[in-house]
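The values are calculated or read from the model by the stated rules, or taken from the named source; none is laboratory data. Fair warning: this is a prediction, and the values are worked out from it, not measured in the lab. Note that we place each Cβ from the backbone using ideal geometry, even for glycine, and neighbour counts take in every protein chain shown. Please note that ligands, DNA and RNA were not included when accessible areas were found on the heavy atoms of the full protein model with its side chains. Shrake-Rupley method; radii C 1.70, N 1.55, O 1.52, S 1.80 Å.
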Amino acid sequence: MMKKADDIANGIRAGDLRSISRAITLVEDLNSLTIGREIIKNIYAGTGKAGIVGITGPPGVGKSTIIGNLSSKLKAKGKKVAIIAVDASSPFTNGSFLGNRIRMQGNLYRDGIYMRSLSSRGSSGGLSRSTWDAVRILDAAGFDRIIVETVGAGQADLDILGMAHTIAVVLAPGLGDGIQAIKAGLMEIANVFIINKMDRDGAFIAMKDIEDSLALTPQNEWKIPVIGLDSMKMEGYDDLIAALEAHLSFAAKDKGNEKSRFFHEVKAALLMEAESRINSLTVSSMSGITDLDRKIRDKVNPYTVAEEISRSVLDPSS
Amino acid sequence: MVDGKSQSLFKDKPIKVLLAKPGIDGHDRGMFVLAKAFRDAGMDVLYAGLLPTPEEVIDTAVNEDVDVIALSLLNGAHLVVFRKVADLMKKKGIDDIAIVGGGTIPDSDKPKLEKIGITGNYGPGTPLKTIIDHITERAAEARSRKLGIA
């Protein structure tokens with residue numbers, strides 16, 4: 001198995017698409033967690049070169065279309081581009097329709113852009129873990145720009161966006177009061193605002209609305225730009241690329257940023273380690289640590305028992 | 001019915017299936033019916049959009065590392081086009097993505113498709129459950145190969 005992990009890691013470094021695809025499958029699937037981790041350990045030293053851009057916003061504002069156009073434009077400027085699109089899966093059946101791809105299908109094959117769709121499946125922690133690993137794989141494979149698309153709702157999405165160097169929030173006119181509600185959640189994380197569908201009525205009002213709110217928010221050295229796009233006519237994309245690239249270089253200079261990112265990476269790995277240890281517990285293994293029958297007889301509450309056994313459950317040497 | 005083994009195989013990562021009509025055929029109503037049925041059966045569903053070439057279908061299947069490619073044509077070109085997809089897969093040495101077919105396929109053509117590894121080949125009126133069970137069976141083979149446990 002280790003040999004297989006090494007082979008795939010070498011394939012990733014060589015930029016072989018099938019190795020990259022297979023590696024992402026392996027990190028997605030808990031059945032192959034061990035080999036997935038071996039691959040990440042192997043390639044990690046080669047990561048950290050790519051600029052990671054998170055693109056988020058409510059459904060229907062044109063995120064996928066923008067990403068298709070943006071990646072073609074970046075490609076034309078000589079950048080190697082990869083895309084990861086995260087789609088929601090049904091909480092009832094776990095199934096999903098990974099529709100983002102259709103919006104950029106034409107750009108992808110024509111321009112040789114790598115794209116992978118991931119579905120969210122119940123567990124939020126699992127999704128951010130596999131998304132981070134997928135980004136690491138693409139980074140080690142030598143992609144210059146990795147674009148991550150999410151709907152930007154909920155903790156899982158915020159965790160995913162935490163790994164991006166630059167976050168662009170996409171809005172469109174016609175969202176009405178919805179725009180106000182969205183702004184509250186997304187205002188804090190945006191480095192760049194995009195107003196898509198500038199050909200529509202109310203586009204300039206939407207743009208001004210955002211600019212006004214930004215004027216009321218205390219700003220740091222990075223002044224958040226608001227970019228208008230007309231994706232049907234491909235207008236505004238040069239401004240968008242300039243804004244994203246400017247923020248990527250701004251973020252690269254910030255060393256505190258790097259430390260906080262690494263802190264989150266380790267925290268995620270720790271959570272996963274703890275979760276897998278806890279999930280692997282059974283009645284008999286827990287009985288090996290503590291006398292469950294006795295605890296039941298003595299009516300000991302579960303919190304006390306958890307405090308008592310947490311050390312042995314989490315201790316890697318046990 | 002899906003057996004216990006495949007259920008645990010797909011517990012954490014559902015079956016990933018790519019629906020494609022690789023030819024001059026715009027009748028995708030049936031594809032939408034299947035897309036919804038597969039999603040409701042708990043699968044991750046991708047649709048290649050209208051009029052993809054066989055090359056595009058393979059490119060998407062590889063990038064997304066799907067378990068199954070589900071091809072459909074109603075225009076009678078299945079022997080030529082499905083074969084093209086199967087040949088491209090073979091040329092690239094891909095043996096861990098299964099191909100299934102469907103559409104208006106005469107009974108006499110089915111053995112020819114089966115011979116090149118394209119199974120199912122269900123026509124109009126087939127119960128959705130029959131199709132889902134077949135996809136699950138082929139996906140289990142493909143996934144086991146991907147994970148190296150076949």
ask   = From the residues in the range A:83-100 that are of a type outside the set (Gly, Ala, Ser) and at the interface with another protein chain (Cβ under 7 Å from one of its Cβ atoms), which one is surrounded by the fewest Cβ atoms within 10 Å (Cβ to Cβ)?
value = A:Thr93
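Identify all residues within the range B:33-48 that are within 16 Å of A:Leu98 (Cβ to Cβ) and more than 10 Å from chain A (Cβ to nearest Cβ); write none if there are none.
Start the filter on the range B:33-48 by keeping residues that are within 16 Å of A:Leu98 (Cβ to Cβ), which leaves B:34-48.
Within the range B:33-48, just B:Leu34 meets the criteria.
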Cross-chain or 6+ apart pairs with Cβ under 8 Å, the range A:104-116 first and on the phi > 0 side of the Ramachandran plot, then part of a helix (DSSP H, G or I) and open to solvent by 10 Å² or more (accessible area, probe 1.4 Å) = A:Gly112/A:Lys75
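Restricting to the range B:110-125, count the residues that are in contact (Cβ under 8 Å) with a residue 12 or more places away in the chain and open to solvent by 20 Å² or more (accessible area, probe 1.4 Å). Talk me through it step by step, then tell me what you get.
Taking the range B:110-125 as the starting set, the residues that turn out to be in contact (Cβ under 8 Å) with a residue 12 or more places away in the chain are B:112-113, B:116-124.
Restricting the remaining residues to those that are open to solvent by 20 Å² or more (accessible area, probe 1.4 Å) gives B:112, B:116-117, B:119, B:122-124.
Residues meeting the conditions: 7.
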key: Output for the range B:49-72, where each listed residue is within 16 Å of A:Leu118 (Cα to Cα) and either within 8 Å of another protein chain (Cβ to nearest Cβ) or charged (D, E, K, R) (or both)   = B:Thr60, B:Val62, B:Asn63, B:Glu64, B:Asp65, B:Asp67
task = Among what's in the range A:16-49 and is more than 13 Å from chain B (Cβ to nearest Cβ) and more than 21 Å from A:Ser128 (Cβ to Cβ), pick the residue that is surrounded by the fewest Cβ atoms within 10 Å (Cβ to Cβ).
result = A:Ala45
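Can you tell me which residue in the range B:1-47 is farthest from B:Pro124 (Cα to Cα), limited to those that are small (Gly, Ala, Ser) and either under 12 Å from the mean Cα position of the chain (by Cα) or at pLDDT below 85 (or both)? Explain how you work it out, then say what you get.
Start the filter on the range B:1-47 by keeping residues that are small (Gly, Ala, Ser), which leaves B:4, B:6, B:8, B:20, B:23, B:26, B:30, B:35, B:37, B:41-42.
Imposing the further condition that a residue be either under 12 Å from the mean Cα position of the chain (by Cα) or at pLDDT below 85 (or both) reduces the set to B:4, B:6, B:8, B:20, B:35.
Numbers: B:Gly4: 29, B:Ser6: 27, B:Ser8: 31, B:Ala20: 17, B:Ala35: 15 Å.
Step by step, filter the range B:1-47, then rank; the result is B:Ser8.
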inquiry  = I need the full set of residues from the range A:222-233 which are farther than 17 Å from A:Val61 by Cβ and aliphatic (A, V, I, L, M), in order please.
reply    = A:Ile224
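Residue-by-condition table, conditions (1) among the basic types (Lys, Arg); (2) under 34 Å from the mean Cα position of the chain (by Cα):
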{"residue": "A:Phe262", "(1), (2)": "no, yes"}
{"residue": "A:Glu265", "(1), (2)": "no, yes"}
{"residue": "A:Glu273", "(1), (2)": "no, yes"}
{"residue": "A:Leu292", "(1), (2)": "no, no"}
{"residue": "A:Lys295", "(1), (2)": "yes, no"}
{"residue": "A:Glu308", "(1), (2)": "no, no"}
{"residue": "A:Ser312", "(1), (2)": "no, yes"}
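If the requirement is being away from chain B (no Cβ under 14 Å) and in contact (Cβ under 8 Å) with a residue 12 or more places away in the chain, which of these qualifies: A:Lys77, A:Lys4? Walk me through how you get there before you give the answer.
Values: A:Lys4 fails: away from chain B (no Cβ under 14 Å).
Matching residue, one of A:Lys77, A:Lys4: A:Lys77.
Taking A:Arg103 as the residue in question, decide whether it is touching a Ser or Thr at 6+ places or on another chain (Cβ under 8 Å), open to solvent by 60 Å² or more (accessible area, probe 1.4 Å) and either of a type outside the set (Asp, Glu) or more than 9 Å from chain B (Cβ to nearest Cβ) (or both). Steps first, answer last, please.
Numbers: touching a Ser or Thr at 6+ places or on another chain (Cβ under 8 Å): yes; open to solvent by 60 Å² or more (accessible area, probe 1.4 Å): yes; either of a type outside the set (Asp, Glu) or more than 9 Å from chain B (Cβ to nearest Cβ) (or both): yes.
For A:Arg103, the condition - touching a Ser or Thr at 6+ places or on another chain (Cβ under 8 Å), open to solvent by 60 Å² or more (accessible area, probe 1.4 Å) and either of a type outside the set (Asp, Glu) or more than 9 Å from chain B (Cβ to nearest Cβ) (or both) - is met.
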request  = Determine whether the range B:39-53 contains at least one residue that is touching a helix residue (DSSP H, G or I) at 6+ places or on another chain (Cβ under 9 Å), open to solvent by 10 Å² or more (accessible area, probe 1.4 Å), of a type in the set (Lys, Arg) and not in a loop (DSSP other than H, G, I, E, B).
outcome  = no
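May I ask you to verify whether B:Asp87 is more than 12 Å from chain A (Cβ to nearest Cβ) and at pLDDT 95 or above?
Details: more than 12 Å from chain A (Cβ to nearest Cβ): yes; at pLDDT 95 or above: yes.
Here the answer is yes, as B:Asp87 does meet what is asked.
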query = Within the range A:170-203, which residues are within 24 Å of the chain's Cα centre (by Cα), aliphatic (A, V, I, L, M) and at pLDDT below 90?
reply = A:Leu171, A:Ala172, A:Ile179, A:Ala181, A:Ile182, A:Ala184, A:Leu186, A:Met187, A:Ile189, A:Ala190
message = Considering only the range A:132-143, I want to know if a residue exists there that is within 12 Å of chain B (Cβ to nearest Cβ) and either at pLDDT below 75 or open to solvent by 10 Å² or more (accessible area, probe 1.4 Å) (or both).
response = no
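Can we say B:Arg138 is touching a residue at least 40 places away in the same chain (Cβ under 8 Å) and open to solvent by less than 10 Å² (accessible area, probe 1.4 Å)?
On the way: touching a residue at least 40 places away in the same chain (Cβ under 8 Å): yes; open to solvent by less than 10 Å² (accessible area, probe 1.4 Å): no.
The answer is no for B:Arg138.
For the range A:1-114, which helices (runs of 4 or more DSSP H) that fit wholly inside it have 3 or more residues that are modelled with pLDDT of 90 or more and either touching a helix residue (DSSP H, G or I) at 6+ places or on another chain (Cβ under 6 Å) or of a type in the set (Ser, Thr, Tyr) (or both)?
On the way: elements: A:2-13, A:17-28, A:33-43, A:63-76, A:100-111.
Fully inside the range A:1-114 and qualifying: A:2-13, A:17-28, A:33-43, A:63-76.
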